[in-house]
Amino acid sequence: MKMKVAVVLGTRPEIIKMASIIRQLGKRQVDYFILHTGQHYSYYLAQVFFDQLKLPPAKYNVATGSSSHARQTAKMLIGVEEILQKESPDIVLIEGDTNSVLAAALAATKLFIKVGHVEAGLRSYDRRMPEEINRILVDHCSDYLFAPTHMAKTILLSEGIPENKVFVTGNTIVDAVYQHVEIARQQGNFLGTLGIKPKEYFLVTLHRQETVDDPVVFASVLRGLDEVAAKFCLPVIYSIHPRSRRRMNQFNLKPRDIKLIPPVDFLTFLELESKARLVLTDSGGVQEETCILGVPCVTIRNNTERPETVEVGSNIVAGTSPDRIIECVTIMLGRRTDWQNPFGDGRAGERIVSIITEVSNG
Ligand code: UD1
Ligand code: UDP
């Protein structure tokens, strides 16, 4: 039987983490198409990754854009359903925990289309995070759950998900890093344009709703970063997500010692990340990438759904107070960086495509 696959994605990390799967689908001549929800639409959050990672264009873009959770999810649900009805794929592949992923899972499952969830089984156990709600709902309506690690599989089984639906594949972020890091390290000269030197700066990303939408929390974190710059006498470079830029302006926050740069493409970010002395972040993907790249990470949150990074020693969860941020930076700067990457061998995309094609043949 010839299988048809819909790859549904909508945000920066989904494009990066779906790239190896999309390449495998192409290589094996699987009949597939890409549906972009349009949750991210600015060039540097969306199209730049298609261009740089040489991905085929999305066949559909339902142009959702930004709004409240309910409006955004509702708009995507309607847009995705229309396309799925028209195309009748056998399986919808989604990655991660965004509103795009939730909408695609709900639309597909109610049309009796199989759902394959890449990066299943992550839990922060913090239901104030919109992503946590999305992860739980999506895992529980998926047919194939691609868990990145055994820890994630254990979580899924503990929630009553049948073992025959769960496959431990590794995380496709390892595929993306392995396939691009050498080019980024060798060809990139972004450090030169910023006037900074390898291992002599800190890199920052912060964009989570619970960090930047709260003026008290965001101000406290920025104060902590200013103190880090002063105490360690190193530049702090912050690739600032548009959500955070908007909030910084709205709350009139003016960090003293932090260099703000707009979001950059994947190769540039990998260059910045791999050559940083240490990274401070609230991003999920950045916690994983630093662990893979051997760069110490301080997570500016109260919890993480990537506990594997803390377990191997690449990451520490600092919370949001300036004192604790300084303390955690000091701890991480003193650590060895020869930990083992727990997220797999860089062949997760291959494995996932093998599983879906074998299931459809068998
Ligand atoms: C979303 C995901 C988050 C993920 C992040 C990746 C949800 C609930 N959140 O958060 O899990 O970590 O993407 O980056 O799905 N904006 C632009 N240009 C764009 C997109 C957004 O300027 O292309 C601005 C708008 O002001 C918008 C704000 O960013 O209101 C937030 O965008 P949204 O997609 O709602 O959430 P993210 O913070 O990007
Ligand atoms: N990233 C990027 N440019 C940037 C900042 C991040 O390409 O300026 C990449 C980064 O390499 C990682 C992904 O974006 O692969 C992480 O996405 P984000 O932090 O937006 O979302 P999360 O992983 O928290 O869902």
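The values are calculated or read from the model by the stated rules, or taken from the named source; none is laboratory data. As the structure is a computational prediction, the values presented were derived from the model and not from experiment. Here the Cβ positions follow ideal geometry from the backbone for every residue, glycine too, while neighbour counts run over all protein chains shown. Protein only, heavy atoms only, side chains kept; ligands, DNA and RNA dropped before computing areas. Shrake-Rupley method; radii C 1.70, N 1.55, O 1.52, S 1.80 Å.
Would you be able to say whether some residue in segment 292-313 is small (Gly, Ala, Ser), out of contact with any strand residue (DSSP E or B) (no Cβ under 7 Å at 6 or more places or on another chain) and more than 30 Å from VAL30 (Cα to Cα)?
The first filter runs over segment 292-313 and keeps only residues small (Gly, Ala, Ser), leaving 294, 313.
Okay, now just the ones that are also out of contact with any strand residue (DSSP E or B) (no Cβ under 7 Å at 6 or more places or on another chain), so 294, 313.
Among the residues that remain, those that are also more than 30 Å from VAL30 (Cα to Cα) are: 294, 313.
Within segment 292-313, one or more residues are small (Gly, Ala, Ser), out of contact with any strand residue (DSSP E or B) (no Cβ under 7 Å at 6 or more places or on another chain) and more than 30 Å from VAL30 (Cα to Cα).
Scanning segment 81-95 for residues that are at pLDDT 95 or above, open to solvent by 10 Å² or more (accessible area, probe 1.4 Å), under 11 Å from VAL138 (Cα atoms) and among the hydroxyl-bearing types (Ser, Thr, Tyr) turns up nothing. Within segment 13-56, being touching a residue at least 60 places away in the same chain (Cβ under 8 Å) and within 13 Å of ligand 1 (Cβ to nearest atom) holds for PRO13, GLU14, ILE16, LYS17, THR37, GLN39, SER42, TYR44, LEU45, VAL48, PHE49. Every condition in (1) within 19 Å of VAL115 (Cβ to Cβ); (2) modelled with pLDDT under 95; (3) of a type in the set (Lys, Arg) holds for LYS17 except the one numbered (2). When segment 279-305 is limited to residues that are within 11 Å of ligand 2 (Cβ to nearest atom) and touching a Pro at 6+ places or on another chain (Cβ under 9 Å), the one that is farthest from GLY96 (Cα to Cα) turns out to be VAL279. The residues of segment 41-65 that are under 20 Å from THR172 (Cα atoms) and within 16 Å of ligand 2 (Cβ to nearest atom), listed by number, are LEU45, ALA46, GLN47, VAL48, PHE49, PHE50, ASP51, GLN52, LEU53, LYS54, LEU55. Every listed requirement among (1) in contact (Cβ under 8 Å) with a residue 24 or more places away in the chain; (2) over 17 Å from the mean Cα position of the chain (by Cα); (3) more than 16 Å from ligand 1 (Cβ to nearest atom) is met by ARG247 save one, (3). If I ask for residues that are farther than 17 Å from LEU278 by Cα, in contact with a Ser or Thr (Cβ under 6 Å, 6 or more places away or on another chain) and either surrounded by 19 or more Cβ atoms within 10 Å (Cβ to Cβ) or of a type in the set (D, E, K, R) (or both), which ones from segment 299-319 would you list? Passing the criteria: GLU305, GLU308. Checking VAL62, VAL101 one by one, the residue that is crowded, with 21+ Cβ neighbours inside 10 Å, over 23 Å from LYS165 (Cα atoms) and within 16 Å of ligand 1 (Cβ to nearest atom) is VAL62 and no other.
Every residue, every condition in (1) of a type in the set (Gly, Ala, Ser); (2) touching a strand residue (DSSP E or B) at 6+ places or on another chain (Cβ under 9 Å); (3) crowded, with 24+ Cβ neighbours inside 10 Å; (4) not in a helix (DSSP H, G or I), yes or no:
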{"position": "THR109", "(1), (2), (3), (4)": "no, yes, no, no"}
{"position": "GLY121", "(1), (2), (3), (4)": "yes, yes, yes, yes"}
{"position": "ASN134", "(1), (2), (3), (4)": "no, no, no, no"}
{"position": "VAL138", "(1), (2), (3), (4)": "no, yes, yes, no"}
{"position": "ALA152", "(1), (2), (3), (4)": "yes, yes, yes, no"}
{"position": "LEU157", "(1), (2), (3), (4)": "no, yes, no, no"}
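Taking segment 1-43 on its own, how many of its residues are crowded, with 17+ Cβ neighbours inside 10 Å and assigned to a strand (DSSP E or B)? Residues that pass the stated criteria total 10.
Counting only residues that are under 16 Å from the mean Cα position of the chain (by Cα) and either assigned to a loop (DSSP other than H, G, I, E, B) or more than 16 Å from ligand 2 (Cβ to nearest atom) (or both), how many does segment 86-107 have?
Quick first cut of segment 86-107, residues under 16 Å from the mean Cα position of the chain (by Cα) only: 93-102.
Those still in the list that are either assigned to a loop (DSSP other than H, G, I, E, B) or more than 16 Å from ligand 2 (Cβ to nearest atom) (or both) too: 93, 96-98.
Residues meeting the conditions: 4.
Scoring CYS328 on the criteria (1) free of Cβ contacts under 8 Å to residues at least 60 places away in the same chain; (2) in contact with a helix residue (DSSP H, G or I) (Cβ under 7 Å, 6 or more places away or on another chain); (3) not aromatic (Phe, Trp, Tyr) leaves a single failure, condition (2).
Taking the condition of a type outside the set (Gly, Ala, Ser), open to solvent by 10 Å² or more (accessible area, probe 1.4 Å), within 16 Å of ligand 1 (Cβ to nearest atom) and not in a helix (DSSP H, G or I), does PRO255 pass?
Values: of a type outside the set (Gly, Ala, Ser): yes; open to solvent by 10 Å² or more (accessible area, probe 1.4 Å): yes; within 16 Å of ligand 1 (Cβ to nearest atom): no; not in a helix (DSSP H, G or I): yes.
Spelling it out, it is not the case that PRO255 is of a type outside the set (Gly, Ala, Ser), open to solvent by 10 Å² or more (accessible area, probe 1.4 Å), within 16 Å of ligand 1 (Cβ to nearest atom) and not in a helix (DSSP H, G or I).
PHE232 fulfils the conditions (1) among the aromatic types (Phe, Trp, Tyr); (2) within 15 Å of ligand 1 (Cβ to nearest atom); (3) over 16 Å from LEU293 (Cβ atoms) except for a single criterion, (2).
Residues in segment 231-252 that are in a helix (DSSP H, G or I) and away from ligand 2 (no atom under 16 Å from the Cβ): LYS231, PHE232, ASN249, GLN250. I'm trying to understand the selection: among the residues of segment 113-155, which are closer than 20 Å to GLN287 by Cα and among the hydroxyl-bearing types (Ser, Thr, Tyr)? SER124, TYR125, THR149 - these are the residues of segment 113-155 that are closer than 20 Å to GLN287 by Cα and among the hydroxyl-bearing types (Ser, Thr, Tyr).
In segment 321-336, the count of residues that are touching a Cys at 6+ places or on another chain (Cβ under 6 Å) and either assigned to a loop (DSSP other than H, G, I, E, B) or open to solvent by less than 30 Å² (accessible area, probe 1.4 Å) (or both) is zero.
Among the residues of segment 161-216, those that are in a loop (DSSP other than H, G, I, E, B), within 13 Å of ligand 2 (Cβ to nearest atom) and at pLDDT 95 or above comprise ASN171, LEU206, HIS207, ARG208.
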